[in-house]
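The values are calculated or read from the model by the stated rules, or taken from the named source; none is laboratory data. Predicted model, so just to flag it, every value in this text is computed and none were measured. Cβ placement follows ideal geometry from the backbone for every residue including glycine, while neighbour counts extend to all protein chains displayed. The protein model used for the area step is the full one, side chains on, heavy atoms only, and it has no ligands, DNA or RNA in it. Shrake-Rupley method; radii C 1.70, N 1.55, O 1.52, S 1.80 Å.
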Amino acid sequence: MWRSVKAARASLSSKALLRNLCGAQNQNPIFPSFESLNPISHPIFSSRSSYVCKQPRFFSQISATPSDSDHNLSEPTENGFVSAEAEQASVVFGENDGAQVNDVSIEDGFDGVYDQSHENIVEDNGEEMEEEEQEVHEIDLEKLENLLSLLQSSPDGSLESSLDDMGLTLHEEFVIRVLETPLVLGENLIRFLRWGLKEEPELKVTARVVDALVLAICSNLKKKEAYYLWDLIKEIGEKEIEGVLNVESLNVLIAQFSKLGKGKAALEVFDKFGEFGCVANGDTYYFTIEALCRRSMFDSACLVSQKMIDAEILPDGEKVGKIISWFCKGSKAKDAHLVYILAKERKLYPPRSSVNFLIGSLCREDQTVKLALEMLDDFDGEARKYGIKPFSAVIRGLCRMKDVEEAKNLLLKMIREGPPPGNAVFNSVINGYAKAGDMEKAMEMIRTMESRGLKPDVYTYTVIMSGYANGGQMDEACKILSEAKKKHSKLSPVTYHTLIRGFCKLEEFDKALKLMSEMEDFGVQATVDEYQKLIQSLCLKALDWETAEKLLEEMKEKGLHLNGITRGLIKAVKELNEEVLGTGQMITEA
């Protein structure tokens, strides 16, 4: 700002000099008081306007502790002049000015300070002021008002010709004022700027102009205007004007295409970043992936995501969580897992709900269950304490892929470290062992379950009975049924269905019928499935159409309807039996 002020000498009386220095504002308002000498707040230092008004910058800092010379300076001598010590007094400028006024003399007069300092101001800053004045453009308010009135009207084919007749002088500030005016139709703004670039060669497209245009158009979501804007931006980008297009404006455009559901258009903007000399940031990838996922273009979204991973650029944790959720909904759990791994390396933490969703999605496929298992190691503290849902999903996935031992190990780890497993987790492991036919380990898990204060529920007993029944161990299955009856007053239809099916396989139909009759005693109503299974077994294996007919009549009384195929089976077995009897009787008579 101020480079230097040459030393000046003042031929004033000590009283006059003191009055100027101490700020007798009512006599000479140019000079502030000591208390008001603030280089920031005082008008003298506030702007360049001080140059034009010829107000000299004054001392921004004066020694707080007056020296002996200062005391001598404040006392007049007999002849009205300051003492000799005052001639050596120094007043120091503040840090911003970095200049000093030394050896103030009574011979030259204080006016010399004003004239010389002003001369230096003009000399040091004249060139800068001239450049700034050249950049200032006046705005014709009348023409601006007429133009805005035109642009706020409905668009028609005569807009360009009307602009030609207005005699406008376009420059950046004028264009910015137009673009920042509310209630102007977006299509008209684009046509106005196109016209200006064509008719005014001196009008330069700057980053300010592009930013203002993008914000003006994107403030109202209209598909047609968004495409018009994109066409204009492509034309600007093809001119290869460095620094005109920036990431922020392009991100806004991608986000608008996303809201409009135009995934292909958003991807086109993304693909132009390199050509425009822009480097994509985290929001660029986020908005592009969002736009593609909204249109279920998950394959394209995964390609963009892979570029994001290769560049090691991610948005914030909240947006990472949304990307993970979108991929999981699109059955792209493996791609979502890659995003999660990078976020973990960069110490970005997606919402816990997104992580749980990812674990559940990985557990749906046998090939990715182990990835979900590894993610559980990232759970600690509160996340682990309340993480029963993802842990349960992993155990179910392991059991489904018949890796029951690994599921058991995870269950035992949950017992040691949390989250504490409930009946559902134990039932998954018990069911896994039962399906594998390893009933000894299944019963061992029941004992472990009971040791933790948990009671086997109806599902637990049903799973065990199913395991025994599948192995033909119906006596053991019946023992489990007896135990279940003691602990639960109401059983499940599946419980009886399992045993009835087992007895039918062994062709022990009497026992199956006995179970059918006692179901109601334990609050269970036989379903069509139980009746159908038993009727089919009676007809095909025992050829007992009479019992089958009795069951059919029982179904009718209960309002149950047997399908036509099974009805036909009863009739066929009955006819076959009568035919056999008739043939046998004929043979006997013969």
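Here's the yes/no breakdown for (1) acidic (Asp, Glu); (2) touching a residue at least 24 places away in the same chain (Cβ under 8 Å):
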{"site": "LEU506", "(1), (2)": "no, yes"}
{"site": "SER517", "(1), (2)": "no, no"}
{"site": "ASP521", "(1), (2)": "yes, no"}
{"site": "GLN525", "(1), (2)": "no, yes"}
{"site": "VAL528", "(1), (2)": "no, yes"}
{"site": "SER537", "(1), (2)": "no, yes"}
{"site": "ALA542", "(1), (2)": "no, yes"}
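When the stretch 382-399 is examined, which residues are found to be more than 24 Å from LEU338 (Cα to Cα) and either in a helix (DSSP H, G or I) or open to solvent by less than 30 Å² (accessible area, probe 1.4 Å) (or both)?
Answer for the stretch 382-399, where residues must be more than 24 Å from LEU338 (Cα to Cα) and either in a helix (DSSP H, G or I) or open to solvent by less than 30 Å² (accessible area, probe 1.4 Å) (or both): GLU382, LYS385, CYS399.
Restricted to the stretch 141-233, the set of helices (runs of 4 or more DSSP H) holding at least 1 residues that are of a type in the set (D, E, K, R) and in contact (Cβ under 8 Å) with a residue 40 or more places away in the chain comprises 186-199. For the stretch 504-522, the criterion of a residue being buried (at least 17 other Cβ atoms within 10 Å of the Cβ) and in a loop (DSSP other than H, G, I, E, B) is satisfied by no position. When ALA526, ALA548 are checked against the criterion of being touching a helix residue (DSSP H, G or I) at 6+ places or on another chain (Cβ under 9 Å) and in a loop (DSSP other than H, G, I, E, B), a single residue qualifies: ALA526.
Within the stretch 400-431, take every residue that is of a type in the set (Gly, Ala, Ser) and not in a helix (DSSP H, G or I) and give me the one that is nearest to THR448 (Cα to Cα). Step through it out loud before you land on a result.
Of the residues in the stretch 400-431, the ones of a type in the set (Gly, Ala, Ser) are 407, 418, 422, 424, 428.
Then keep just the ones that are not in a helix (DSSP H, G or I); that gives 418, 422.
Details: GLY418: 16, GLY422: 12 Å.
Ranking the candidates gives GLY422 first.
In the stretch 416-446, which residues are among the hydrophobic types (A, V, I, L, M, F, W, C), closer than 30 Å to GLY381 by Cα and surrounded by 17 or more Cβ atoms within 10 Å (Cβ to Cβ)? Those that are among the hydrophobic types (A, V, I, L, M, F, W, C), closer than 30 Å to GLY381 by Cα and surrounded by 17 or more Cβ atoms within 10 Å (Cβ to Cβ): VAL425, PHE426, VAL429, ILE430, MET445, ILE446.
Residue by residue, here is whether (1) in contact with a helix residue (DSSP H, G or I) (Cβ under 9 Å, 6 or more places away or on another chain); (2) open to solvent by 50 Å² or more (accessible area, probe 1.4 Å) holds:
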{"residue": "LEU159", "(1), (2)": "yes, no"}
{"residue": "VAL184", "(1), (2)": "yes, no"}
{"residue": "LEU189", "(1), (2)": "yes, no"}
{"residue": "VAL205", "(1), (2)": "yes, no"}
{"residue": "ARG208", "(1), (2)": "yes, yes"}
{"residue": "LEU221", "(1), (2)": "yes, yes"}
{"residue": "LEU229", "(1), (2)": "yes, no"}
{"residue": "GLU242", "(1), (2)": "no, yes"}
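I'm checking my understanding of the structure. Among residues of the stretch 447-461 that are in a helix (DSSP H, G or I) and open to solvent by less than 50 Å² (accessible area, probe 1.4 Å), which one is farthest from SER492 (Cα to Cα)?
Here the residue is THR448.
Within the option set ALA291, ALA301, being touching a Cys at 6+ places or on another chain (Cβ under 8 Å) and surrounded by 24 or more Cβ atoms within 10 Å (Cβ to Cβ) holds for one residue only, ALA301. Which condition breaks for ILE587 when tested against (1) at pLDDT below 90; (2) assigned to a helix (DSSP H, G or I); (3) among the hydrophobic types (A, V, I, L, M, F, W, C); (4) within 54 Å of the chain's Cα centre (by Cα)? That leaves (4) as the condition not met.
Does the stretch 333-353 include one or more residues that are within 16 Å of VAL304 (Cα to Cα), assigned to a helix (DSSP H, G or I) and hydroxyl-bearing (Ser, Thr, Tyr)? Within the stretch 333-353 (the criterion being within 16 Å of VAL304 (Cα to Cα), assigned to a helix (DSSP H, G or I) and hydroxyl-bearing (Ser, Thr, Tyr)), the answer is yes, since at least one residue qualifies.
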